[in-house]
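The values are calculated or read from the model by the stated rules, or taken from the named source; none is laboratory data. Just so it is clear, the model here is predicted, and its values are computed rather than measured. Don't worry about glycine lacking a Cβ; one is built from the backbone with ideal geometry, like all the others, and counts go over all protein chains shown. To get the accessible areas, we keep the full protein, side chains included, count just its heavy atoms, and leave off ligands, DNA and RNA. Shrake-Rupley method; radii C 1.70, N 1.55, O 1.52, S 1.80 Å.
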Amino acid sequence: MPVSTGPADSGSAATGPADSGSAATGPADSAPVQDELCALDAVDLAARVHRGELSAREVVQAHLDRIERLNPAVNAIVTLDPEGALAAAAAADERQARGEELGPLHGLPIAFKDTHLTRGMRTTHGSPLFAEHVPDEDELLVRRIQDAGAIRIGKTNVPEFAAGSHTFNPVFGATRNPYDTKRSAGGSSGGAAAALAAGFQPLADGSDMGGSLRNPASFCNVVGLRPTPGRVPSHPAGNLWETLAVAGPMGRTVADTALLLSVMAGPDPRVPISLEGPGAAFRAPLGRDAAGLRVAFAPDLGGRVAVDRDVRDVFERQAEVFEELGCVVAEDCPDLDGAEDVFRTLRAQEFNQGLGALLDSDRASLKDSLVWNIEEGRRLTGADLARATAEHARIHLAAVGFFERYDVLVAPVSQVTPFDVEAEYPTVIDGQPQHTYLDWMRSAYFLSVLGVPALSVPAGFTGAGLPVGLQIVGPPRAERTVLEVGAAYEAATGHGRRRPSLP
């Protein structure tokens with residue numbers, strides 16, 4: 001049975017170290033060498049393992065050692081299985097020694113998001129109701145990643161049932177931002193983003209309904225891709241026709257993110273919206289001349305969202321970067337009127353459908369904001385859902401027309417910088433009150449409604465040293481485009497190369 005790093009006490013900022021026997025550490029003077037290995041890009045690390053320059057056991061052990069030393073300060077990894085990981089790494093090395101065909105992620109360690117089902121390893125959803133839940137099967141994306149050669153080491157922290165873009169729960173406490181441990185790592189893939197930034201793993205899986213891949217990527221200075229619905233099929237799933245929530249990849253670079261997408265993507269006959277085409281196409285080099293690309297630049301989504309001055313100052317400087325790349329930049333934004341109602345209506349329906357039974361049986365075990373969101377779903381009428389569905393279609397078609405005029409849209413990921421880890425959510429943005437735990441996420445969830453790919457890329461730092469991200473958004477099914485533009489922007493700026501300093 002995998003060992004756990006918790007549970008922590010019920011306070012939002014609590015964190016528990018891994019069990020003292022969870023990962024063997026080497027001599028103190030080996031730490032710099034191990035840290036250098038843990039800082040390698042996933043593409044480079046995978047290539048070195050494939051060439052036999054590093055063994056899977058060396059790679060996994062280095063990451064386990066780093067987790068044991070530094071995870072107590074961050075609380076990104078909440079379940080850890082060092083013995084199982086090292087055994088799997090040894091088996092991977094033996095396959096390589098026999099000359100067997102190796103997957104593209106051969107020997108790379110990964111901890112899966114704690115909402116994604118992992119066979120034989122607990123999946124808690126950040127809820128005390130599932131604190132000891134051990135699934136009998138892997139969900140599809142977990143199986144695909146492991147089939148590609150990745151080594152499962154554990155699970156990453158999430159908000160309770162992935163509700164909200166700040167990662168804390170009563171089982172494990174809060175995940176802290178590696179750039180400033182007094183601040184939030186974002187969410188709901190906050191543990192994944194923090195683990196990437198801290199060097200605990202070279203790649204991470206995540207999911208995104210209202211920004212759960214993009215917000216934590218922005219807060220932690222890493223890369224996160226919300227794909228087109230169906231690009232990464234989800235199974236099992238309560239709603240096989242779901243388009244608002246998607247699964248996707250995260251990495252420290254755009255190329256690393258594309259590498260993980262290449263094994264997550266691809267059709268599955270059980271998922272009716274899954275897109276045809278092999279995921280392997282995303283492993284091709286991302287080099288692209290950005291000259292002539294038509295870029296719509298939207299600092300506040302056409303005046304629809306409040307943006308803190310610190311974020312705006314960093315974001316607005318990025319227009320010059322795209323111009324220097326040869327892009328044609330114009331301030332513009334797609335039609336997002338009605339996106340608020342569509343998102344909140346469809347989200348509330350999904351929460352009621354998926355969690356309504358728990359509200360009836362265990363209301364006291366659910367956080368208040370989760371109860372509110374489920375109850376919002378219960379108040380919906382058929383007319384409400386019909387209206388939202390029709391408006392959703394209109395907004396999507398308007399976006400298709402918008403992307404006939406522009407190749408990509410560039411917008412802020414988050415309207416705020418990483419906030420106090422003890423707060424549930426920001427209550428004021430640029431002087432404007434934020435009344436619910438969803439309000440401050442509009443810059444991300446308005447774009448979720450479009451049904452298009454959106455890539456969060458590091459865009460720089462505030463004067464206080466806090467990361468800011470921008471999102472590059474493309475037409476439906478244009479993941480390749482947003483990845484190529486993101487790689488060009490990344491190469492021109494290098495913001496993602498600034499790593500956090502941890503004790």
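Might you check whether a residue that is assigned to a loop (DSSP other than H, G, I, E, B) and surrounded by fewer than 16 Cβ atoms within 10 Å (Cβ to Cβ) occurs anywhere in segment 444-452? Can you show your working first?
Keep residues of segment 444-452 that are assigned to a loop (DSSP other than H, G, I, E, B), which gives 449-452.
Checking which are surrounded by fewer than 16 Cβ atoms within 10 Å (Cβ to Cβ) leaves us with none.
No, segment 444-452 contains no residue that is assigned to a loop (DSSP other than H, G, I, E, B) and surrounded by fewer than 16 Cβ atoms within 10 Å (Cβ to Cβ).
Any chance you could count how many residues in segment 131-161 are of a type in the set (S, T, N, Q) and surrounded by fewer than 21 Cβ atoms within 10 Å (Cβ to Cβ)?
Of the residues in segment 131-161, the ones of a type in the set (S, T, N, Q) are 146, 156-157.
Still in the running and surrounded by fewer than 21 Cβ atoms within 10 Å (Cβ to Cβ): 146.
Result for segment 131-161: 1.
Condition first: crowded, with 24+ Cβ neighbours inside 10 Å, in a loop (DSSP other than H, G, I, E, B) and modelled with pLDDT of 95 or more. Can you find one or more residues in segment 217-225 that meet it? Yes; the residues of segment 217-225 include at least one that is crowded, with 24+ Cβ neighbours inside 10 Å, in a loop (DSSP other than H, G, I, E, B) and modelled with pLDDT of 95 or more.
Would you check if there is a residue in segment 378-395 being surrounded by 14 or more Cβ atoms within 10 Å (Cβ to Cβ) and of a type in the set (Gly, Ala, Ser)? Yes, that holds for at least one residue.
Given the residues Gln415, Gln471, which is the only one that is assigned to a strand (DSSP E or B) and crowded, with 20+ Cβ neighbours inside 10 Å? Give the steps one after another, and end with the answer.
Values: Gln415 fails: assigned to a strand (DSSP E or B).
Only one candidate passes the filter, namely Gln471.
Table: residues versus (1) of a type in the set (Asp, Glu); (2) open to solvent by less than 40 Å² (accessible area, probe 1.4 Å); (3) modelled with pLDDT of 95 or more.
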{"residue": "Ala89", "(1), (2), (3)": "no, yes, yes"}
{"residue": "Glu100", "(1), (2), (3)": "yes, no, yes"}
{"residue": "Gly103", "(1), (2), (3)": "no, yes, yes"}
{"residue": "Arg119", "(1), (2), (3)": "no, no, yes"}
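Out of all the residues in segment 295-302, is one or more of a type in the set (A, V, I, L, M, F, W, C), over 15 Å from Gly486 (Cα atoms) and surrounded by 21 or more Cβ atoms within 10 Å (Cβ to Cβ)? Taking every residue of segment 295-302 in turn, at least one turns out to be of a type in the set (A, V, I, L, M, F, W, C), over 15 Å from Gly486 (Cα atoms) and surrounded by 21 or more Cβ atoms within 10 Å (Cβ to Cβ).
Any idea which residue in segment 6-56 is surrounded by the fewest Cβ atoms within 10 Å (Cβ to Cβ), counting only those that are part of a loop (DSSP other than H, G, I, E, B) and at pLDDT 95 or above? Outline the logic, then answer.
Within segment 6-56, the first condition is being part of a loop (DSSP other than H, G, I, E, B), and the residues that meet it are 6-27, 39-41, 51-55.
Imposing the further condition that a residue be at pLDDT 95 or above reduces the set to 39-41, 51-55.
Values: Ala39: 15, Leu40: 19, Asp41: 17, Arg51: 8, Gly52: 10, Glu53: 10, Leu54: 18, Ser55: 18.
Among those residues, the one meeting the criterion is Arg51.
For segment 396-403, check the following and say yes or no: at least one residue is of a type in the set (A, V, I, L, M), touching a Ser or Thr at 6+ places or on another chain (Cβ under 8 Å) and open to solvent by 10 Å² or more (accessible area, probe 1.4 Å). Give the derivation first.
Keep residues of segment 396-403 that are of a type in the set (A, V, I, L, M), which gives 397-400.
From what's left, touching a Ser or Thr at 6+ places or on another chain (Cβ under 8 Å): none.
Checked segment 396-403: no residue is of a type in the set (A, V, I, L, M), touching a Ser or Thr at 6+ places or on another chain (Cβ under 8 Å) and open to solvent by 10 Å² or more (accessible area, probe 1.4 Å).
Note on segment 189-237: residues that are more than 8 Å from the chain's Cα centre (by Cα) and without any contact (Cβ under 8 Å) to a residue 60 or more places away in the chain amount to 3. Restricted to segment 345-364, and to residues there that are among the polar types (S, T, N, Q) and surrounded by fewer than 16 Cβ atoms within 10 Å (Cβ to Cβ), the residue that is nearest to Thr167 (Cα to Cα) is Gln353. Restricting attention to segment 258-294, the residues that are part of a loop (DSSP other than H, G, I, E, B), surrounded by fewer than 22 Cβ atoms within 10 Å (Cβ to Cβ) and not acidic (Asp, Glu) add up to 20.
Close contacts from segment 168-182, counting a first residue that is buried (at least 24 other Cβ atoms within 10 Å of the Cβ) and a second that is part of a strand (DSSP E or B) and of a type in the set (Val, Ile, Thr), with Cβ to Cβ under 6 Å and a gap of 6+ residues or different chains, come to Phe172/Val78. Residues in segment 474-503 that are exposed (fewer than 15 other Cβ atoms within 10 Å of the Cβ) and modelled with pLDDT under 95 were compared, and the one that is nearest to the chain's Cα centre (by Cα) is Ser501. In segment 456-466, the qualifying residues are those that are touching a Gly at 6+ places or on another chain (Cβ under 8 Å) and of a type outside the set (Val, Ile, Thr), and the one that is surrounded by the fewest Cβ atoms within 10 Å (Cβ to Cβ) is Ala459. Of all the residues in segment 420-439, those that are surrounded by 21 or more Cβ atoms within 10 Å (Cβ to Cβ) and in contact with a Ser or Thr (Cβ under 8 Å, 6 or more places away or on another chain) number 2.
With the structure loaded, tell me whether Gly199 is in a loop (DSSP other than H, G, I, E, B), touching a Cys at 6+ places or on another chain (Cβ under 6 Å) and surrounded by 24 or more Cβ atoms within 10 Å (Cβ to Cβ) or whether it fails that test. So Gly199 fits the description; yes.
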